[in-house]
Amino acid sequence: MRENEIVVGLGNNIDYEFDWSGLDFQSIVDSHRIRFAEIQNVSVAVKSERDLVIAILNRIYRQSGGEYFLESPVLATDFARSAPKKITMGGTGIRAAIALAKIGVATTAHLVTMNDSVRKLTPALCSVIWAGESENLYPHLIVQFPEGVSIRLDGAPDGIVRSAVSNRVIMSNDPDNIRLPISPRLKDVLRCARVFLLSGFNVMDDRAALIDRLTRVKDALRELPADGEVFYEEASFIYPEMRETIFSELDGLIDVYSLNEDEIQELTRSKVDLRNPEAVLRSLEWLRATYRLKTIVLHTKNWGLVYGDNPSRYREKLRAGIRMAATRYAKGDRFTKVDFEETARAEKSPEGERFRANIPGIYRENADCLPGYRIELKEGTATTVGLGDAFVGGFLSGYQS
């Protein structure tokens, strides 16, 4: 077995995850006297607690998650100080590494933030290369709202804004991740890697700085073995125009491009009906052709799909990704390897089975789809934060020898 077979990066952070049941969000909404008209169009920049609350209401109303920029990092620490919250570590790479550690898989993680909480939360099976020079704490605020939540709001239809699905809102002002320094040691750890998870550009605000970081990454990728792969995980971008620079600079270097159900809507700038296999696959074909992508992985609540040439070679990785996400959804942060193994015996999602069965024949050579799992939970107990990261961790587990 090679050392450092799975390398994950690039950024990380500390998250403040709020417990919705203890937040009393209705009282917070009432205290700001917010009206329905105010939540229709929301700026990506959050300037005050009132803006913060409006942004959350907008996401509940729009039935999707989202990411926002806090004009002051203090907003993250001042919001709902008395409400219960968990302190966790965020960033796709490190969350994937944490999920992998739970099933006994070792990783090497490239981090940009270091502090006592990072040291405490990094699993023993994860080796770290830190790109920073000074220790900092810039917490990200995460509000996770459950399915079925109802908020009274003046001017809303029936006076209520409701969530049909559970999701999360992320807000941050994080200079470490905005700068996103790249460690020169990345070259060293990629020399033995089977896969490199590349993510974390989504809060950068300067195109020249982004090109510099991408140039450094491309230089490091020259050390990746011939059979090594680059797995790129999409994200919700504060400045969506940065995506074009990433696609341009990484043209031909991404082996697997992965995204979730919210991100496909952002990239195609349309409302893709996730119940309609033909509409989904048309969108994936457009993405693949537009950005010259080799293989695309789309992960959703009810199914996962690989689209590209010879997609079946990723089937077991896809299966593990779906299982990892479902396990974390059902068990939360404390899931174990036994939980992961038991999920394989859970009932499959009927919606996922139906989607898979209805894939048009013309797409079947290039599409490999597997249903998710039907997980029944008590109301309000669903975990939505980091489910995509758990999926990525499961998928990457298939690269270990």
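The values are calculated or read from the model by the stated rules, or taken from the named source; none is laboratory data. Not measured: the values here are computed from a predicted model. FYI the Cβ positions are ideal-geometry reconstructions off the backbone, even for glycines, and counts take in every protein chain you see.
Is it true that some residue in segment 193-202 is surrounded by 14 or more Cβ atoms within 10 Å (Cβ to Cβ) and without any contact (Cβ under 8 Å) to a residue 60 or more places away in the chain? So that I can check it myself, show each step before the final result.
Taking segment 193-202 as the starting set, the residues that turn out to be surrounded by 14 or more Cβ atoms within 10 Å (Cβ to Cβ) are 193-202.
Retained after the next criterion (residues that are without any contact (Cβ under 8 Å) to a residue 60 or more places away in the chain): none.
So far as segment 193-202 goes, no, none of its residues is surrounded by 14 or more Cβ atoms within 10 Å (Cβ to Cβ) and without any contact (Cβ under 8 Å) to a residue 60 or more places away in the chain.
Which of the following residues is in contact with a strand residue (DSSP E or B) (Cβ under 9 Å, 6 or more places away or on another chain), over 18 Å from Gly372 (Cβ atoms) and not hydrophobic (A, V, I, L, M, F, W, C): Arg288, Arg292, Arg269? Please lay out each step first, then the result.
Numbers: Arg292 fails: in contact with a strand residue (DSSP E or B) (Cβ under 9 Å, 6 or more places away or on another chain); Arg269 fails: in contact with a strand residue (DSSP E or B) (Cβ under 9 Å, 6 or more places away or on another chain).
Unique residue meeting the criteria: Arg288.
Within segment 354-379, can you find the residues that are at pLDDT below 95 and among the β-branched types (Val, Ile, Thr)?
The answer is Ile362, Ile375.
If you check Ala330 against the conditions, is it buried (at least 22 other Cβ atoms within 10 Å of the Cβ), closer than 19 Å to Asn302 by Cβ and under 22 Å from the mean Cα position of the chain (by Cα)? Quick ask: steps written out before the conclusion?
Values: buried (at least 22 other Cβ atoms within 10 Å of the Cβ): no; closer than 19 Å to Asn302 by Cβ: yes; under 22 Å from the mean Cα position of the chain (by Cα): yes.
No; evaluated as a whole, the condition is false for this residue.
Can you tell me which residue among Leu377, Leu305, Leu318 is crowded, with 20+ Cβ neighbours inside 10 Å and closer than 21 Å to Gly65 by Cβ?
On the way: Leu377 fails: crowded, with 20+ Cβ neighbours inside 10 Å; Leu318 fails: closer than 21 Å to Gly65 by Cβ.
Only one candidate qualifies: Leu305.
Taking segment 93-130, which residues are in a loop (DSSP other than H, G, I, E, B) and either out of contact with any Ser or Thr (no Cβ under 9 Å at 6 or more places or on another chain) or touching a residue at least 60 places away in the same chain (Cβ under 8 Å) (or both)?
If we filter segment 93-130 for residues that are in a loop (DSSP other than H, G, I, E, B), which is where we start, we get 103-106, 112-115, 122-125.
Ile103, Gly104, Val105, Ala106, Val112, Thr113, Asn115, Thr122, Ala124 - these are the residues of segment 93-130 that are in a loop (DSSP other than H, G, I, E, B) and either out of contact with any Ser or Thr (no Cβ under 9 Å at 6 or more places or on another chain) or touching a residue at least 60 places away in the same chain (Cβ under 8 Å) (or both).
In segment 331-349, how many are touching a strand residue (DSSP E or B) at 6+ places or on another chain (Cβ under 8 Å) and within 30 Å of Asn276 (Cβ to Cβ)?
The first filter runs over segment 331-349 and keeps only residues touching a strand residue (DSSP E or B) at 6+ places or on another chain (Cβ under 8 Å), leaving 333, 343, 346-349.
Next cut, within 30 Å of Asn276 (Cβ to Cβ) only: 343, 346-349.
The total comes to 5.
Each row is one residue, and each column tells you yes or no for (1) charged (D, E, K, R); (2) within 30 Å of Asp227 (Cβ to Cβ); (3) touching a Gly at 6+ places or on another chain (Cβ under 9 Å); (4) not assigned by TED's automatic domain parsing to the domain that holds Ala164.
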position: Arg328; (1), (2), (3), (4): yes, yes, yes, yes
position: Gly352; (1), (2), (3), (4): no, no, yes, yes
position: Glu365; (1), (2), (3), (4): yes, yes, no, yes
position: Arg374; (1), (2), (3), (4): yes, no, yes, yes
position: Ala390; (1), (2), (3), (4): no, yes, yes, yes
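Please work out which residue is farthest from the chain's Cα centre (by Cα), limiting yourself to segment 106-159 and to residues that are of a type in the set (Val, Ile, Thr) and closer than 30 Å to Val53 by Cα.
Start the filter on segment 106-159 by keeping residues that are of a type in the set (Val, Ile, Thr), which leaves 107-108, 112-113, 118, 122, 128-129, 142-143, 149, 151.
Narrowing the set further to residues that are closer than 30 Å to Val53 by Cα leaves 112-113, 118, 142-143, 149, 151.
On the way: Val112: 18, Thr113: 18, Val118: 19, Ile142: 13, Val143: 15, Val149: 23, Ile151: 26 Å.
Ranking the candidates gives Ile151 first.
Tell me, please, whether a residue that is in contact with a strand residue (DSSP E or B) (Cβ under 8 Å, 6 or more places away or on another chain), at pLDDT below 95 and in a helix (DSSP H, G or I) can be found in segment 230-253.
Initially, segment 230-253 is screened for residues in contact with a strand residue (DSSP E or B) (Cβ under 8 Å, 6 or more places away or on another chain), giving 230-238, 250, 253.
Of the ones still in play, those that are also at pLDDT below 95 are 235-238.
Next, from what is left, pick out any that are in a helix (DSSP H, G or I): none.
No, the conditions are met nowhere in segment 230-253.
Conditions first: (1) out of contact with any helix residue (DSSP H, G or I) (no Cβ under 6 Å at 6 or more places or on another chain); (2) surrounded by fewer than 22 Cβ atoms within 10 Å (Cβ to Cβ); (3) among the charged types (D, E, K, R). Asp176 passes all but one, so which condition is the exception?
(2)
Which residue out of Leu298, Leu267 is within 16 Å of the chain's Cα centre (by Cα), of a type in the set (A, V, I, L, M, F, W, C), modelled with pLDDT under 95 and within 20 Å of Glu233 (Cβ to Cβ)? Quick ask: steps written out before the conclusion?
On the way: Leu298 fails: modelled with pLDDT under 95.
Answer to the check: Leu267.
Does Ser117 meet the test of being surrounded by fewer than 16 Cβ atoms within 10 Å (Cβ to Cβ) and either over 30 Å from Asp30 (Cα atoms) or among the small types (Gly, Ala, Ser) (or both)? Quick ask: steps written out before the conclusion?
On the way: surrounded by fewer than 16 Cβ atoms within 10 Å (Cβ to Cβ): no; either over 30 Å from Asp30 (Cα atoms) or among the small types (Gly, Ala, Ser) (or both): yes.
Taking the combined requirement at face value, the residue does not satisfy it.
Answer with yes or no whether Ser172 is modelled with pLDDT under 95, out of contact with any Cys (no Cβ under 8 Å at 6 or more places or on another chain) and within 25 Å of Trp130 (Cβ to Cβ). Let's see the steps before the verdict.
Details: modelled with pLDDT under 95: yes; out of contact with any Cys (no Cβ under 8 Å at 6 or more places or on another chain): yes; within 25 Å of Trp130 (Cβ to Cβ): yes.
For Ser172, the condition - modelled with pLDDT under 95, out of contact with any Cys (no Cβ under 8 Å at 6 or more places or on another chain) and within 25 Å of Trp130 (Cβ to Cβ) - is met.
Given the residues Leu274, Leu293, Leu284, which is the only one that is outside any helix (DSSP H, G or I) and modelled with pLDDT of 95 or more?
From the options Leu274, Leu293, Leu284, the qualifying one is Leu293.
For segment 131-161, what are the residues that are in a loop (DSSP other than H, G, I, E, B) and more than 30 Å from Lys187 (Cβ to Cβ)? Don't jump to the end; show me each part of the working.
The first filter runs over segment 131-161 and keeps only residues in a loop (DSSP other than H, G, I, E, B), leaving 131-139, 146-149, 153, 155-156.
Within segment 131-161, Pro139, Pro146, Glu147, Gly148, Val149, Leu153, Gly155, Ala156 qualify.
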